[in-house]
Amino acid sequence: MKTLIFGILVGLTHISYGQAPYLKDRYNFPIGASINPRLVSENNAYRNVAITEFTSITAENHMKMMLVHPEANRFDFSKGDEIVTFAKDHKKRIHGHTLVWHNQVPKWMNEFSGDTQAWENMLKNHIQEVARHYKGQVAGWDVVNESFLDDGSLRPTVWSKNIPDYIAKSFQWAHEADPNAILFYNDYGQDGKPKKMQAILNLVKDLQARNIPIHGLGLQMHININSKNDELVNVINQSAKTGLTIHFSELDIAVNPKNDSMFVYHETAKKAQQEKFELVFKAYQELPKHQQYGITFWNVSDRDSWLRGYFKRPKEYPLLFDDTYTRKPIYSKLLN
Ligand code: G3I
């Protein structure tokens, strides 16, 4: 109820002030946000910003395994569909996230037992049911998410332990189910982790050599004000050299990465954050046009960020909209 009243008040403020010009008009690639369907329906301010500011929508959680496939014989697309309807009603592109991940895996999958063939059938069925359900609605999919550790080794997960070559197979299965979707491998934290970066480049080479359909790389870009510029640029350049489509898929720039309870979002931190956002946008803008899938922010305003909720960092301000859904000064810097 509190959220509802807050949302209505802030929503009214936004309508009366007007907001143009927009980032989405300034850059000639999609500007997206991941969203939460509960906030879309309960919070007018959230909904207004999502509608007016973004041209691409990702489900922050509601297309993941645990949410769409809670039981072995039951899919639940209700919340994912809500997001699709919202995006379609407002003429947004939809990006699918994510078909295979080691997090937010339903209990029944984690406890699944069977031989290799049974595991393959189970994962193939999951990928293809979901990809077919959203066929023609999503432009692309994060097919496989976060498969490598920092040292470049394959992350030990239920998938890597039970299905040999699961990454290649997942791409193949996704492609069979939705041949027109742009298929991404999505990962985080490649900056300053050359072995992880190399593992991803090796994966791309290997898949391409075997004619496995991979079309894009998602660079999540959960970075912070101390992330090193040269390392970020290096990761972006190396990724672009693959020739694949590049998506900055989950952008946020943390200002209080150590969760200092006394943290104040002071001018120095704001300036450092602004410079980092500028660097990210500039680097993206410099990519060849045909490789630009877009930049997606990981949720809408600071108060909706996973860094506050999931990481319990109340004094974190990683996005372009503040707690009242007002554009921060960084926004106008990015317009220029
Ligand atoms: O919906 C339930 C709610 O019913 C329950 O009361 C509450 C109690 O904990 O949990 C709620 O679910 C939470 C869910 O977010 C929705 O808010 C989960 O606990 C929480 O674990 C989950 O966190 C998500 C996280 O992925 C899971 O690892 C974050 O929202 C989401 O932003 C985050 O997104 C990931 C990307 O998918 C992949 N890249 C990294 C990124 C950040 O971790």
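The values are calculated or read from the model by the stated rules, or taken from the named source; none is laboratory data. Values in this document were obtained by computation on a predicted structure and should not be read as measured data. Counting neighbours? That spans all protein chains shown, and the Cβs are built from the backbone with ideal geometry, glycine included. The area values use the complete protein model at the heavy-atom level, side chains included, leaving out ligands, DNA and RNA. Shrake-Rupley method; radii C 1.70, N 1.55, O 1.52, S 1.80 Å.
Tabulated data
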| item | result |
| --- | --- |
| Residue 222 long-range amide H proximity, modeled H, under 5 Å | 189, 252 |
| For residue 182, residues with placed amide H under 5 Å, excluding near neighbours | 140, 141 |
| At R0 = 25 Å, FRET efficiency that the Cβ-Cβ distance of residue 112 and residue 78 yields, to 0.05 | 0.60 |
| Karplus (6.51, -1.76, 1.60) ³J(HN,Hα), θ = phi - 60°, over segment 103-112, in Hz, Gly and Pro reported as x | 9, 6, 9, x, 3, 5, 6, 4, 9, 4 |
| Centre separation in Å (Cα based) which lies between segment 232-246 and segment 100-141 | 28 |
| Karplus-derived 3J(HN,Hα), 6.51/-1.76/1.60, for each residue of segment 220-236, Hz, glycine and proline x | 4, 6, 7, 10, 9, 5, 8, 4, 7, 4, 5, 5, 5, 4, 4, 5, 5 |
| Global size of segment 29-165 as Cα Rg and Dmax, reported in angstrom | 16.2, 50 |
| Segment residue 139-residue 209, extension gain: residue separation times 0.36 nm, minus the distance between their alpha carbons | 22.8 nm |
| Kirkwood-based shape ratio for segment 275-336, expressed as Rg/Rh from alpha carbons | 1.03 |
| The chain - Debye-derived log10 I(q)/I(0), Cα point model, q = 0.15 Å⁻¹ | -1.34 |
| Per-residue HN-Hα couplings for segment 318-327 [Karplus 6.51, -1.76, 1.60; θ = phi - 60°; Hz; x = Gly/Pro] | x, 10, 8, 10, 7, 5, 9, 6, 8, 4 |
| Relative contact order [Cα under 8 Å, 6+ residues apart], segment 108-241, whole percent | 27 |
| Pairwise FRET efficiency - residue 333 versus residue 262, Cβ, R0 = 30 Å, nearest 0.05 | 0.65 |
| Surface accessible to a 1.4 Å probe, residue 225 within the full protein complex, Å² | 30 |
| Partner lysines for residue 124 [C-alpha distance under 18 Å; skip if fewer than 8 residues away on the same chain] | 64, 107, 135, 161, 169 |
| Of the trypsin sites (Lys or Arg not before Pro) in segment 273-312, those whose Cβ has at most 12 other Cβ within 10 Å and which sit in DSSP loop | 312 |
| Expected 222 nm ellipticity per residue - DSSP helices of 4 or more, -39500 (n - 2.57), all of the chain, to 500 | -13000 deg cm²/dmol |
